[in-house]
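The structure under discussion appears below in the form of structure tokens.
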DNA sequence: CCTCATCTGTACCGTTCAGTACAACCTATG
DNA sequence: CATAGGTTGTACTGAACGGTACAGATGAGG
């Protein structure tokens, strides 16, 4: 029985709401959800308390908005990148992008979706379902890229693209976790090359 | 300049300390580190506040003790199980054990080490280093099992066992994260079978 | 049985936190 | 320019938290 807070009705309101969500997303990625206070978010966003409770109801509402925001940005962006994959070289470039993102952040951030999942899966079932849906879509986008390779005659008919996609996403998520813990980008590179090599073993083009 | 708290000097003290660590480990696995208050730990352990601050100094000290405890139990146990691997069937049994552990907990716990890593990597560098060392040892135990298969003539000389071990651990960690979020053990089974199938592709016995 | 270090119970403290109250402020519309 | 709905600033509250103080219990060695 949670009253849904009103969506912003003016451009100014929309801007305020978005500033708060983005500040919250940034701080929560860095420090974690529980360790990020609403006051810190508001200071970062340059907003007052009434705005947060006006647009999100409570902290849980803010957290869910952050999850939705991550889905709309990170996962949606991954979908675009994967939709452009039409060759093995394209797929390798996509893997390179994952690596480059981590190197750019000096292995401090990991996957913005995965880290939320780690903290929220047992704490808020609504967030958990949002994140599960995001992961599933992501996985399907990978599978679709593999299916496209197959349709182009580049990938063996024997390959189980759904299983390969599930394994690819799992490996990437795990590798990002390990990389963030060990601060060793070389390990990430090794793992990504290994899983790409495995996918490539289904290459039929030669 | 952190004074190290004294180790227990009597059997009673050791028992108290251990009860506190185990209660903390259980609660932190379930709810997360930040969301577990010291008062909740003490209630669960049936101990008083003075005991906790006597043995651990502060909450951070308790957290580090929990990390060390997880290392000594989970990772050490994995090392034992992996040390017993002498055939492909043994290795498959080990994978089955990972799956069984998740099914037993109805996909609610994930990897006790991995979930700590997700929450602590950016918050306490000492914990981060402990966890990184634990992961590295775990990875080496997997590589050693693969090396043993190779020595027995069961695994191709062409296999890069270190890279395969890194990928295997990463995939398992990621799969546990995804499984805890989606609550779908079938996905875990699929991924584990897929990575085992990949390792098996280096099988020279058959 | 004394003694002293170790261990433990409990009351307390200051801070921080999420959340509320309420008045004031815009700004689009008529 | 009136006004109403949407938006914002700020002071406040009660609870929960990590941490401290200190007295009392316990038990092993002399």
Checking residue B:198 against (1) in a helix (DSSP H, G or I); (2) touching a helix residue (DSSP H, G or I) at 6+ places or on another chain (Cβ under 6 Å); (3) within 28 Å of residue A:28 (Cα to Cα), only one condition comes out false. Which one?
(3)
Could you say whether any residue in segment A:70-81 is within 14 Å of chain B (Cβ to nearest Cβ), within 11 Å of DNA strand C (Cβ to nearest atom) and modelled with pLDDT of 95 or more?
no
Residue that is surrounded by the most Cβ atoms within 10 Å (Cβ to Cβ), among those in segment B:183-193 that are in contact (Cβ under 8 Å) with a residue 12 or more places away in the chain and at the interface with chain A (Cβ under 7 Å from one of its Cβ atoms)
B:191
For segment B:1-53 the number of residues that are within 14 Å of another protein chain (Cβ to nearest Cβ) and buried (at least 16 other Cβ atoms within 10 Å of the Cβ) is 9
Criterion first (near DNA strand C (Cβ under 8 Å from one of its atoms), modelled with pLDDT of 95 or more and at positive phi) does residue A:57 satisfy it?
yes
Collect the residues in segment A:1-28 that are at pLDDT below 95 and more than 10 Å from DNA strand D (Cβ to nearest atom), keeping them in residue-number order.
A:1, A:2, A:3, A:4
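Anything in segment B:5-60 that is touching a residue at least 60 places away in the same chain (Cβ under 8 Å), assigned to a helix (DSSP H, G or I) and closer than 26 Å to residue A:60 by Cβ? List them, or say none. If you could, list the steps in order and put the result at the bottom.
Initial filter on segment B:5-60 (touching a residue at least 60 places away in the same chain (Cβ under 8 Å)): B:25, B:28-30, B:32-34, B:60.
Filter once more, so that each one left must be assigned to a helix (DSSP H, G or I): B:25, B:28-30, B:60.
Scanning segment B:5-60 gives B:28, B:29, B:30.
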Which numbered condition residue B:31 misses (of (1) under 23 Å from residue A:32 (Cα atoms); (2) near DNA strand D (Cβ under 8 Å from one of its atoms))
(2)
If I go through segment A:68-82 residue by residue, how many of them are in contact with a helix residue (DSSP H, G or I) (Cβ under 8 Å, 6 or more places away or on another chain) and farther than 16 Å from residue A:20 by Cα?
7
Tell me, please, whether a residue that is over 30 Å from residue A:126 (Cα atoms) and either more than 15 Å from the chain's Cα centre (by Cα) or within 14 Å of chain A (Cβ to nearest Cβ) (or both) can be found in segment B:167-181.
yes
Among (1) farther than 15 Å from residue A:135 by Cα; (2) buried (at least 17 other Cβ atoms within 10 Å of the Cβ); (3) more than 13 Å from chain B (Cβ to nearest Cβ), residue A:107 falls short only on (3)
Filter segment A:124-158 down to the residues that are free of Cβ contacts under 8 Å to residues at least 60 places away in the same chain and not in a helix (DSSP H, G or I), then identify the one that is farthest from the other protein chains (Cβ to nearest Cβ).
A:153
Return a yes/no flag: does segment B:172-187 have any residue that is modelled with pLDDT of 95 or more and more than 25 Å from residue A:129 (Cα to Cα).
no
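The values are calculated or read from the model by the stated rules, or taken from the named source; none is laboratory data. Every value quoted in this text rests on a predicted model; they were computed, and no experiment measured them. Don't worry about glycine lacking a Cβ; one is built from the backbone with ideal geometry, like all the others, and counts go over all protein chains shown.
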